[in-house]
Each structure stands twice: as C-alpha cells, then as structure tokens.
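What follows is a single structure, written as structure tokens, with notes after it.
Please treat every number below as a calculation from the coordinates, not as lab data. Quick caveat, the model's predicted, so the values are computed rather than measured. Using ideal geometry, Cβ is built from the backbone for each residue, glycine included, and neighbour counts are taken over all protein chains shown.
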Amino acid sequence: MKSETLRALQEARANRRAVVLATRLSDAAETLVYPDRAKGDLADDTTLVSAARRAMEIGRSETVDLSGQKIFLNVYVPPARLIIVGAVHIAQSLAPMASLMDFDVTVVDPRRAFATDARFPGVRVMQEWADEAFERMGLDVSTAVVTLTHDPKLDDPALEAALKSDVFYIGALGSKRTHARRKERLAEAGITDEQFARINGPVGLNIGARSPAEIAVSILAQIIEVRARRLAALATPKVAAA
C-alpha cells in the first residue's frame with residue numbers, strides 16, 4: 001500500500017467517511033473510491049467505481065472480476081453509531097446496551113444536571129443542543145438517532161436535522177397523539193410527509209415494554225432490525241424488468 005493511500009485511509013477514518021480501496025491484483029494498481037469521487041490509478045474506470053460504491057453500501061469487502069481483471073475491494077466504513085438525544089432514564093439503559101452491540105454511542109443533552117459522565121460512564125456525553133452537536137459531529141448512513149426527551153425544544157430540532165440527513169434510523173419517544181402533534185410542528189418547519197414517515201414513532205418494537213430498561217431493549221431491537229433489512233435489501237441483486 002502506498003504511503004499516501006494509508007494517510008488517506010487514516011483521514012477518512014478520523015472523519016467517519018466511507019471509502020473503498022480498490023486494488024488490481026495483477027499489478028497492485030490502487031484507487032480510492034469515495035461516495036462522491038474517486039482518486040487513483042483506475043479512477044476513470046466507471047465500472048470499477050460503481051462496483052466499489054455498491055460494496056460500500058453493503059459494507060462488505062470482496063474480490064470482483066471486472067473485464068477479466070481481478071479487483072479486490074477493501075471496504076472501510078464508519079462503525080455503527082447511535083446518537084441518543086436526552087439524558088433520561090431510558091438512555092441510561094440504552095447506552096450501555098448499544099455499546100455491548102458495538103455501537104459508537106453519544107448522548108446529547110444541553111441540560112448539564114442530566115448529561116454527566118457519572119450517569120453515562122463509558123460513552124461520549126455532549127452538553128449541547130442536538131442540532132448544534134449534529135453539525136459538529138456530522139450525520140452519515142452508519143448513524144441512528146433516537147430522541148427521548150418529550151420536550152419539543154430539544155427533540156424537534158434534532159429530528160429536523162436527522163430527517164435532512166441520510167442516517168439509517170430515526171426514532172422518537174412518545175404516544176401516537178404526541179407523534180401526531182410532532183408531525184404538525186415539523187410540517188410547519190418544512191418537513192414533508194415523505195420525510196416524516198422515516199421516523200419510527202412511537203419508537204421501538206411492540207413487545208409490551210413498560211420499564212425504562214424494557215423500552216431500551218425494544219428500541220435497540222428495532223434499530224438492529226432496520227439496519228439488517230437495509231443491508232439485506234442492498235445485498236439482493238436487482239432484477240431488470242422484462
């Protein structure tokens with residue numbers, strides 16, 4: 001691997017940016033393929049770039065045969081991340097559970113009395129408004145966002161920002177009545193019905209959860225389910241219409 005390639009991969013990892021290193025096995029020619037551009041020896045090969053981006057979406061490294069040439073597609077994608085808005089009791093159960101499932105967990109809440117390292121050991125805690133935190137962190141397709149505060153001043157800006165991004169999961173705590181009122185407020189902010197439909201609300205799978213820990217289980221299960229279905233859909237070859 002070239003030194004400049006290694007530096008580019010390290011930079012992509014630091015910035016949570018997906019990239020595929022495509023290497024032609026016959027001569028070790030290298031190309032870095034990003035979601036929006038390609039750079040390297042084979043950057044003008046549109047078939048290779050397309051194959052690399054499909055591997056990126058699926059999140060799976062593989063060797064492909066393109067025009068009789070073996071190309072190894074080494075996929076580097078950001079680890080799955082869960083951003084929890086609201087340092088509440090449910091979050092205290094959800095954060096460690098998600099960490100055990102290898103999610104990179106961040107809890108965001110501007111209320112300093114709630115958002116403390118003591119209440120959330122082992123995870124990142126940001127004492128900021130969610131939309132401001134999201135702007136600094138960046139939202140990507142490997143990210144799930146859950147809002148838990150029941151306070152529109154905290155939840156709505158977070159949901160609005162998440163809905164305008166490509167995060168793979170958005171969930172919001174609250175009853176059906178609360179969710180209906182949420183829809184009205186977000187519509188006034190310019191969120192369309194199609195965008196709003198991305199929100200899983202009331203959040204979590206319907207398993208009869210009552211306690212904060214049970215609700216956390218239902219939320220995490222739904223996140224895992226949504227991610228698995230998305231990856232399965234991406235991995236299924238599309239059949240052209242006759």
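Miscellaneous remarks
- Size descriptors for the chain: radius of gyration and Dmax over Cα atoms are 20.2, 62 Å.
- Our helix-only sum for the chain, with -39,500 (n - 2.57) per DSSP H run of n ≥ 4 divided by its residues, gives a mean residue ellipticity at 222 nm of -12500 deg cm²/dmol.
- Options 59, 49, 25, ranked by Cα towards positive dipole end of the range 1-98, top entry (Cβ charges): 59
- Peptides 114-127, 138-151 ranked from most to least packed by the mean count of surrounding Cβ atoms within 10 Å: 138-151, 114-127.
- Charge tally in the Cβ shell below 14 Å around residue 128, where Lys, Arg are +1 and Asp, Glu are -1, residue 128 excluded: +1
- Check: the range 81-231 dipole with +1 on Lys, Arg Cβ and -1 on Asp, Glu Cβ, in debye: 420 debye
- Environment charge at residue 24 (Cβ cut-off 14 Å; Lys +1, Arg +1, Asp -1, Glu -1): -4
- Each part reduced to its alpha carbon centroid, the range 1-76 and the range 158-175 end up 30 Å apart.
- Using the alpha-carbon positions of the range 38-152, Rg (one decimal) and Dmax (whole number) come out as 19.3, 62 Å.
- All distinct Cα pairs of the range 3-76 go into the 1/r average, and the inverse of that average, the Kirkwood radius, is 12.0 Å.
- Sum of side-chain charges, residue 42 neighbourhood, beta-carbon under 15 Å (Lys, Arg +1; Asp, Glu -1): 0
- Using C-alpha pairs below 8 Å separated by at least 6 residues, the relative contact order for the chain is 14 percent.
- Antiparallel bridge percentage (DSSP; both residues within the chain; nearest 5): 50 percent
- The Rg/Rh ratio of the range 87-126, with both radii computed over alpha carbons and Rh defined as the Kirkwood radius, is 0.93.
- Charge-dipole axis of the range 81-231 as Lys and Arg at +1 and Asp and Glu at -1 on Cβ define it, positive-most pick from 97, 212, 139: 212
- Cross-link reach list, lysines versus residue 70, counting only Cα pairs under 29 Å and skipping chain neighbours closer than eight places: 2, 39, 238
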